[in-house]
Amino acid sequence: MHHISCLFSPRSLIPGIAFLCGASAAPLFAQTPAAATVIPPPASTASTLADKPCILAGRLNADNRWAPLARGVTLLNAQGEGVGASSKKALDTVTAVRISEPALLSQCNGSQPLVSGESTTGSKTPVPAIKPGPIALNVEAIYYPPVRAGGQWVELQLLLPADRVVTAAR
């Protein structure tokens, strides 16, 4: 896959962050950090839940049984050990996450239900993503938006360094 784009502002996903990209013949996730430049929001911008990037790590079903969603996402506790996410209590010990495959970023929903995209149509556009890396990312918060069929999503709010954020084609 090759990546070609221009100024991209994922306003609906991560307000205040814009990506400046150019045409490239290199595969998307093999690009150097210079390929995606992050422009921070103005200092006067108030930080809200909508300003925070999140990933969906998985879900807890109605019986509180864990079902991982994203391959390549390893949950870690404060000692850097893997967390066997079998319950909400176990998930509450997560302080970091290691990403070994690209993971799409989304706007944090907190405890609000995720927006349904069933009735939306449109072309697929580049979206912000986290590129894999050897360094674990800090988890700032864990949210549990409800799943319509029962249970809860597990949404991780992350502290992201600029060099780990890229755009990905869906």
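The values are calculated or read from the model by the stated rules, or taken from the named source; none is laboratory data. Computed from a prediction, not measured in an experiment: that's the story for all the values here. Every residue, glycine as well, gets a Cβ built from its backbone with ideal geometry; the counts of neighbours run over all protein chains shown.
Filter the range 105-133 for residues that are at pLDDT 90 or above and of a type outside the set (A, V, I, L, M) and give the result. Give the steps one after another, and end with the answer.
The first filter runs over the range 105-133 and keeps only residues at pLDDT 90 or above, leaving 105, 128-133.
Selection gives Pro128, Lys131, Pro132, Gly133.
Looking at the range 41-93, what strands (runs of 3 or more DSSP E) fall wholly within it and have at least 1 residues that are within 25 Å of Gly133 (Cβ to Cβ) and at pLDDT 85 or above? Give the derivation first.
Details: elements: 53-60, 66-68, 73-76.
By residue number, 53-60, 73-76.
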Item checked: Close pairs from the range 62-79: first of a type in the set (A, V, I, L, M), partner exposed (fewer than 14 other Cβ atoms within 10 Å of the Cβ) and at pLDDT below 80, Cβ under 7 Å, at least 6 apart -> none
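Considering only the range 117-135, I want to know if a residue exists there that is surrounded by fewer than 15 Cβ atoms within 10 Å (Cβ to Cβ) and touching a Ser or Thr at 6+ places or on another chain (Cβ under 8 Å). If you could, list the steps in order and put the result at the bottom.
Taking the range 117-135 as the starting set, the residues that turn out to be surrounded by fewer than 15 Cβ atoms within 10 Å (Cβ to Cβ) are 117-125, 132-135.
Now narrow it down to the ones that are touching a Ser or Thr at 6+ places or on another chain (Cβ under 8 Å): 132.
Within the range 117-135 (the criterion being surrounded by fewer than 15 Cβ atoms within 10 Å (Cβ to Cβ) and touching a Ser or Thr at 6+ places or on another chain (Cβ under 8 Å)), the answer is yes, since at least one residue qualifies.
Would you point out which residue out of Ala168, Ala162, Ala103, Ala129 is more than 17 Å from Lys52 (Cα to Cα) and in contact with a strand residue (DSSP E or B) (Cβ under 8 Å, 6 or more places away or on another chain)?
Numbers: Ala162 fails: more than 17 Å from Lys52 (Cα to Cα); Ala103 fails: more than 17 Å from Lys52 (Cα to Cα); Ala129 fails: more than 17 Å from Lys52 (Cα to Cα).
Just a single option satisfies the conditions, and that option is Ala168.
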Next item on the list: Just name the residue that is nearest to Asn61 (Cα to Cα) out of those in the range 121-162 that are assigned to a strand (DSSP E or B) and small (Gly, Ala, Ser).
Entry: Ala141
